[in-house]
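The numbers here are math on the coordinates, done by the rules we state, and not lab data. Just so you know, these numbers come straight off a predicted model, no measurement behind them. Every residue, glycine among them, receives a Cβ derived from its backbone with ideal geometry; neighbour counts consider all protein chains shown.
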Number of protein chains: 2
Amino acid sequence: MFTHAEENYLKAIFHLEQELQGEVSTNAIAEQMETKPSSVTDMVQKLADKELLSYKKYKGAILTAAGRKTAADVIRKHRLWEVFLVDKLNFHWDEVHAIAEQLEHIQSEELIERLDRFLGSPDFDPHGDPIPDQHGNIKRTEKKLLSELDKGKRGVCVGVKESSSDFLQYLDRKKITIGTKIHVLGKEFFDGSMMLQVGKDQFFISKKTAENLFVQIQES
Amino acid sequence: MFTHAEENYLKAIFHLEQELQGEVSTNAIAEQMETKPSSVTDMVQKLADKELLSYKKYKGAILTAAGRKTAADVIRKHRLWEVFLVDKLNFHWDEVHAIAEQLEHIQSEELIERLDRFLGSPDFDPHGDPIPDQHGNIKRTEKKLLSELDKGKRGVCVGVKESSSDFLQYLDRKKITIGTKIHVLGKEFFDGSMMLQVGKDQFFISKKTAENLFVQIQES
DNA sequence: AAATATTTTTAGTCTTAGCTAAAAATAAAA
DNA sequence: TTTTATTTTTAGCTAAGACTAAAAATATTT
Ligand SMILES: [Mn+2]
Ligand SMILES: [Mn+2]
Ligand SMILES: [Mn+2]
Ligand SMILES: [Mn+2]
């Protein structure tokens, strides 16, 4: 139906739209896609012709319903394949993104339906991100950044914002993964760093780390 | 490493080379790939530049060791994915080819190693074709076409030459699949048709059918 | 051996998706 | 409100991989 390039653009725009809560600029897309703004202008105009997004010169792009559905389908495939790689092939959660980036473009409705069933229709991928359903609906859960928790609060890790290998391997060393209980023992106003209790261990994390970990608050 | 187009050409040339036992012509490649001879000339020259095949104008192409290895890797991936689709996702053997045609281009050594292990390192794909190993070696088995068997001989179906949906579905209706025992009750010299016993059933098949079924002879 | 047919290559065009450099529009600063 | 800076678009180029039409080489007939 669509080329890999088109799908990658739609996916990027979809993510940026959430993040920025509105239309996304040429430059923002270029940065996300690691390409040049002029290339983005070209592609955005093509996608507008195909009515996958609406676009006004100098104003930015916003997905149409059709574009949003296509993007959600690609994201669904990406995340289902990530589950496959981790659950079935025993990949580590920091190794799967690049492969899923390719697998997400395989075209076959039947394949994805069967893969979904084979995996037990998971709701979240290995990074805690929700998997859109067949209709493109995404379960929005009420999660917060760890950095938003105050001293004394408890939460369960439900996802990561960044999923670079560096960050995920750092989390592994700290024994933090999806489902891990985290207790905020202290919070420094000066630099936003935090003292955590995770299992038996206590340690400091930086503001940057706290801003890249999603937690669900545990009422106590 | 290589583009989808390059990989598809190498695979086609690999298959033709076996079939024709020697260098393959531009036209033969064009027919296999369902493209134009002029397009083939272009690509063959590019592949020759990359030393994946050797090629002399008007004489045809023959793979180098590097080209043969690359082709075998693609075929390995194709056939492993077919096993995955049939064994794990319960696809029927006539539905998997088009999807494997896409999956064979996913680039990740690690993925294929793990997939192979996950599938129990199968030796054959769902159509009875041998799966090359990591080094590109293919187990050549002594199989014959059913049409080569004489009256009274017995064989086990070990593969199909054609794997079109039409043919595979016909075989299903006749209850013939990989592993099925076949007894040749009679053979007509006039048109090459055969009378078979398969399980409790007896029926005629055409010469064309007999020429597209591979069997391993059962010594009795 | 010459004529004809077939195969293969070349030349030129198209589309997709990228790039750079320059121009135009918009935003921010003085 | 000019001037300056930033963002975005346009114009023109490139490479891959397809195509058609024409030319050249090879094969087959007569
Ligand atoms: Mn991708
Ligand atoms: Mn993910
Ligand atoms: Mn293919
Ligand atoms: Mn097969």
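Selection of region A:188-220 for residues being within 21 Å of the chain's Cα centre (by Cα) and in a strand (DSSP E or B) yields A:LEU213, A:PHE214, A:VAL215, A:GLN216, A:ILE217. Looking across region B:132-160 at every residue that is charged (D, E, K, R) and in a loop (DSSP other than H, G, I, E, B), the one that is farthest from ligand 1 (Cβ to nearest atom) is identified as B:LYS151. Could you tell me whether any residue of region A:169-186 is over 30 Å from A:ASP73 (Cβ atoms), small (Gly, Ala, Ser) and within 24 Å of the chain's Cα centre (by Cα)? Within region A:169-186, not a single residue is over 30 Å from A:ASP73 (Cβ atoms), small (Gly, Ala, Ser) and within 24 Å of the chain's Cα centre (by Cα).
For region B:54-94, filtering for residues that are charged (D, E, K, R) and away from ligand 3 (no atom under 16 Å from the Cβ) leaves 8. Only one entry of A:GLU113, A:GLU101 meets the criterion of being more than 16 Å from ligand 4 (Cβ to nearest atom) and more than 16 Å from A:HIS4 (Cβ to Cβ), and that entry is A:GLU113. Being within 16 Å of ligand 2 (Cβ to nearest atom) and not hydrophobic (A, V, I, L, M, F, W, C) is a description that applies to A:ASN8.
Among residues of region B:81-111 being more than 10 Å from chain A (Cβ to nearest Cβ) and more than 19 Å from B:SER165 (Cα to Cα), the one that is surrounded by the fewest Cβ atoms within 10 Å (Cβ to Cβ) is B:GLU109. Taking the stated definitions as given, is B:GLU162 within 29 Å of A:LEU103 (Cα to Cα), within 14 Å of another protein chain (Cβ to nearest Cβ) and among the charged types (D, E, K, R)? So B:GLU162 does not fit the description; no. Regarding region A:62-73, can at least one residue be identified that is within 30 Å of A:ILE176 (Cβ to Cβ) and either more than 13 Å from DNA strand C (Cβ to nearest atom) or away from chain B (no Cβ under 14 Å) (or both)? Yes, that holds for at least one residue. Of all the listed residues (A:GLY155, A:GLY192, A:GLY159), the sole one being in contact with a Gly (Cβ under 9 Å, 6 or more places away or on another chain) and surrounded by 15 or more Cβ atoms within 10 Å (Cβ to Cβ) is A:GLY159. Counting only helices (runs of 4 or more DSSP H) wholly contained in region A:58-131, the ones carrying 1 or more residues that are within 16 Å of DNA strand D (Cβ to nearest atom) occupy A:97-103. Scanning region A:169-187 for residues being among the basic types (Lys, Arg) and assigned to a loop (DSSP other than H, G, I, E, B) gives a total of 2. Restricting attention to region A:23-53, the residues that are under 14 Å from A:LYS11 (Cα atoms) and either within 8 Å of DNA strand C (Cβ to nearest atom) or in a helix (DSSP H, G or I) (or both) total 11.
Under 26 Å from B:PHE204 (Cβ atoms) and surrounded by fewer than 17 Cβ atoms within 10 Å (Cβ to Cβ), is that true of B:LEU145? So that I can check it myself, show each step before the final result.
Details: under 26 Å from B:PHE204 (Cβ atoms): yes; surrounded by fewer than 17 Cβ atoms within 10 Å (Cβ to Cβ): yes.
Yes: the conditions hold for B:LEU145.
For region A:97-145, which residues satisfy the criterion of being within 16 Å of ligand 3 (Cβ to nearest atom) and either without any contact (Cβ under 8 Å) to a residue 12 or more places away in the chain or of a type in the set (S, T, N, Q) (or both)? Listed by number, the residues that qualify are A:GLN102, A:GLN107, A:SER108, A:LEU111. Can you tell me which residue is nearest to the other protein chains (Cβ to nearest Cβ) among those in region A:112-129 that are under 26 Å from A:GLU142 (Cβ atoms) and touching a Phe, Trp or Tyr at 6+ places or on another chain (Cβ under 7 Å)? Among them, the one singled out is A:LEU119.
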